[in-house]
Every structure is written in C-alpha cells, then in structure tokens.
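J.: Let me begin by handing over the structure; questions about it come next.
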Amino acid sequence: MSRTEPVTLTNMCMIKNKDKILVLNRNDPVWPGLTFPGGHVEPHESFNDSVVREVLEETGLKIVHPKLVGIKQFYDHNKQRYLVLFYTAKQFSGNLRESKEGSLTWMTKEELKRHQLAYNFDHDLPVFFDSKISEHILDGKRDELF
C-alpha cells in the first residue's frame, strides 16, 4: 500500500501592522473576495521561502520571520489533497504595491469581518486569530476546526 499521494501545497499570510491587517481583494473569478496574500509552493522550494516570495510578489513587502500558525486541508475537484499553510508576519520592509492578484487594504479585524470574504475564508480566520486552533479540515462531509 502506497503512503504517498499527489498534494497541492500553498500558503497564505496575515500581515499585521499594529491593529491593522493587510487584506487582498482578489480578482480571481474562481475565488473572489477578501483574503490574505499567498500562493503556491514551487517544486523544491521551502515553505518559508515560498510565503516570503508570494507576499513580495503580491504586495511589494518583504516579510521577516513568518510564523506558521496552522493549516487547511481539503480535496480539490480532482479529488487530490490541497494543503494551505497559514502564516502570520509582524515584521516587514518595502513599499506596498498592488499586483494583478487584486487590490490591497489595511483593515482592523472588525472591519475585515464586515466585508465580502472569499468563499469559506470566514472559516479559516479562527486559525489565524485563535492560538488554540491550528487546523481547518474541509471536505464534502465536514467543515471542522481543530
């Protein structure tokens, strides 16, 4: 029995600046709405390097010491596992600039919750905000936080 399977590896990072959070309003027609910057892990790329690269590409900010705070897993339309590594970052440099991914806005947590979020992103937020929660499992049978 094989213990390997195809997996898509991605990341997402909540960047904090005092009481504000950097939010991306995605242009993607498949998954539009507010979320945090992030993207795919490239082959042979470390998870840390991938989140630093993705944030830089999407925001112009170079984050330092991103902290892994949790994961999300689900199965995509091809029934293959999809993992999202959730990070937070408080230290960064550079000048904020938007990319083709969408517009960027600094918001408080309360402001974020009052806007149109990307599909199911509201279920991801507890992983970022509650240190007792580290995993979001989403599949056809359940949507649970652990």
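A short reminder: the numbers here are calculations on the coordinates, not readings from a lab. Since the structure is predicted, the reported quantities are computational estimates derived from the model, not experimental observations. With ideal geometry, Cβ positions are generated from the backbone for all residues, glycine too; neighbour counts draw on all protein chains shown.
J.: Convert each backbone phi in segment 14-27 into a coupling constant with the Karplus relation 6.51 cos²θ - 1.76 cosθ + 1.60 (shift: θ = phi - 60°), then list the ³J(HN,Hα) values in order as whole Hz, x for Gly and Pro.
T.: After applying 6.51 cos²θ - 1.76 cosθ + 1.60, I find 8, 9, 10, 9, 6, 9, 10, 10, 7, 10, 9, 9, 5, 8 Hz.
J.: In a shell of Cβ-Cβ distance under 15 Å around Lys20, excluding Lys20 itself, what net charge do Lys and Arg (+1) and Asp and Glu (-1) give?
T.: On the way: positive: Lys16, Lys18, Lys90, Lys109, Lys113, Arg114; negative: Asp19, Glu110, Glu111.
With Lys, Arg at +1 and Asp, Glu at -1, the net is +3.
J.: A further question follows. Among residues other than Glu110 whose Cβ falls under 15 Å from its Cβ, what is the net charge (Lys/Arg +1, Asp/Glu -1)? Write down the numbers at each step before the final one.
T.: Values: positive: Lys16, Lys18, Lys20, Lys109, Lys113, Arg114; negative: Asp19, Glu111, Asp122.
Around Glu110, the charge tally is +3.
J.: Quick one, which of [x] 0.95; [y] 0.93; [z] 1.06 is the actual Rg/Rh (Cα atoms, Kirkwood Rh) calculated for this model?
T.: Answer by label: [x].
J.: Determine the relative contact order of the chain: mean sequence separation of Cα pairs under 8 Å and six or more apart, normalised by residue count, in whole percent.
T.: Numbers: 308 pairs, mean separation 42.1, N = 146.
It comes to 29 percent, rounded to a whole number.
J.: By counting other Cβ atoms within 10 Å of each Cβ, how are Ile71, Ile21, Ile15 ranked from fewest to most?
T.: Working: Ile71 16, Ile21 20, Ile15 25.
The most exposed by this proxy come first: Ile71, Ile21, Ile15.
J.: Now a separate question. Excluding His123 itself, what net charge comes from residues whose Cβ is under 13 Å from its Cβ, given Lys and Arg +1 and Asp and Glu -1? Don't skip to the end; give the middle numbers.
T.: Values: positive: Lys72, Lys113, Arg142; negative: Asp122, Asp124, Asp130, Glu135, Asp139, Asp143, Glu144.
Computed value for this residue: -4.
J.: Quick check on the exposure proxy: order Val55, Val127 from fewest to most C-beta atoms within 10 angstrom. Don't skip to the answer; put the middle values down first.
T.: Values: Val55 28, Val127 22.
Ordered by Cβ neighbours within 10 Å, fewest first: Val127, Val55.
J.: Same structure, new question: By how many nm would the segment from Phe47 to Lys132 lengthen if fully extended, with 0.36 nm per residue of separation less the alpha-carbon distance? Each step should come with its number before you reach the end.
T.: On the way: separation 85, 0.36 × 85 = 30.60 nm, distance 2.22 nm.
Stretched out fully, the Phe47 to Lys132 stretch lengthens by 28.4 nm.
J.: Order by neighbour count: Arg81, Arg3, fewest other Cβ atoms within 10 Å first, most last.
T.: Details: Arg81 14, Arg3 4.
Neighbour counts put them in this order, fewest first: Arg3, Arg81.
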